[in-house]
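Visitor: Structure incoming, see below.
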Amino acid sequence: MLRKAPFTLPAGFLAAFGYPGGRRFVALFWEPSGDEACYDDGQSYACGLCDNWLYLDFVHRADVSRWLDENRLNLGNSDEPARHWLIADALTGDLYAAPSREAGAVVRQQQLPNLEKDRGIGEGGEGA
């Protein structure tokens, strides 16, 4: 189930994080093997080449952490792989979360599910 975050990604985050750009939707998550922040845009993937501290500072921000906890979203940690990925819209800064398999499909297809039709999918979505 796709959930729209009630906050956006800070301007310049993806470039500072280490994402070279090129695609609109980019997934962000944590990988326990190597204990690293990662990205996947459906064509390229990097783990261990990203700014771990920038990622951790963002997901530990009070509003972000609260939303992740309230929605039981697991972006991964040192002890377990991510069950969910954050999907960043590189054009707007909007953020979404989805189970990793669903998020993988979004970044491969570079298309979100029809949010107009399914307005407010999941808790925390628009219209919820």
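Visitor: Kindly list the number of the only condition in (1) surrounded by fewer than 13 Cβ atoms within 10 Å (Cβ to Cβ); (2) small (Gly, Ala, Ser); (3) not in a loop (DSSP other than H, G, I, E, B) that fails for Ala103.
Guide: (1)
Visitor: Shifting gears a bit: Please indicate, with yes or no, whether at least one residue in region 33-41 is among the acidic types (Asp, Glu), surrounded by 12 or more Cβ atoms within 10 Å (Cβ to Cβ) and within 13 Å of the chain's Cα centre (by Cα). Please lay out each step first, then the result.
Guide: Going residue by residue through region 33-41, those that are among the acidic types (Asp, Glu) are 35-36, 40-41.
Those still in the list that are surrounded by 12 or more Cβ atoms within 10 Å (Cβ to Cβ) too: 35-36, 40-41.
Imposing the further condition that a residue be within 13 Å of the chain's Cα centre (by Cα) reduces the set to 40-41.
Yes, there is a match, as at least one residue in region 33-41 is among the acidic types (Asp, Glu), surrounded by 12 or more Cβ atoms within 10 Å (Cβ to Cβ) and within 13 Å of the chain's Cα centre (by Cα).
Visitor: Pairs under 7 Å by beta carbon, first residue touching a residue at least 12 places away in the same chain (Cβ under 8 Å) in region 19-41, partner of a type in the set (S, T, N, Q) and part of a loop (DSSP other than H, G, I, E, B), six or more apart or different chains?
Guide: Going by the 7 Å Cβ cut-off, the qualifying pairs are Arg23/Gln43; Arg23/Gln110; Arg24/Gln110; Phe25/Gln110; Trp30/Asn77; Pro32/Asn77; Pro32/Ser78; Asp35/Ser78.
Visitor: Then there is this: Is region 10-32 home to any residue that is surrounded by fewer than 17 Cβ atoms within 10 Å (Cβ to Cβ), touching a Leu at 6+ places or on another chain (Cβ under 7 Å) and assigned to a strand (DSSP E or B)?
Guide: Within region 10-32, not a single residue is surrounded by fewer than 17 Cβ atoms within 10 Å (Cβ to Cβ), touching a Leu at 6+ places or on another chain (Cβ under 7 Å) and assigned to a strand (DSSP E or B).
Visitor: Same structure again: Please identify the pairs in which a residue from region 61-90 that is within 18 Å of Pro6 (Cβ to Cβ) has its Cβ atom under 6 Å from the Cβ atom of a residue that is in a helix (DSSP H, G or I) and small (Gly, Ala, Ser), counting only partners at least 6 apart or on another chain.
Guide: Note: pairs meeting the criteria are Trp85/Ser100; Trp85/Ala103; Ile87/Ala103.
Visitor: Another question, if that's okay. Checking the structure you have, find out if any residue of region 54-63 is touching a Phe, Trp or Tyr at 6+ places or on another chain (Cβ under 6 Å), at pLDDT 95 or above and of a type in the set (D, E, K, R). Steps first, please.
Guide: Step one: of region 54-63, the residues touching a Phe, Trp or Tyr at 6+ places or on another chain (Cβ under 6 Å) are 54, 63.
So of that shortlist, the ones also at pLDDT 95 or above come out as 54, 63.
With the extra rule that they be of a type in the set (D, E, K, R), the set shrinks to 63.
Scanning region 54-63, I find at least one residue that is touching a Phe, Trp or Tyr at 6+ places or on another chain (Cβ under 6 Å), at pLDDT 95 or above and of a type in the set (D, E, K, R), so the answer is yes.
A quick yes/no check of all residues on (1) of a type in the set (Asp, Glu); (2) surrounded by fewer than 17 Cβ atoms within 10 Å (Cβ to Cβ); (3) more than 17 Å from Phe17 (Cβ to Cβ):
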site	(1), (2), (3)
Asp51	yes, yes, no
Phe58	no, no, no
Leu75	no, no, no
Ile87	no, no, no
Leu91	no, yes, no
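The values are calculated or read from the model by the stated rules, or taken from the named source; none is laboratory data. Being a predicted model, the structure only gives us computed values, none of them experimental. Cβ sites come from the backbone with ideal geometry, for glycine too, and all protein chains shown count toward neighbours.
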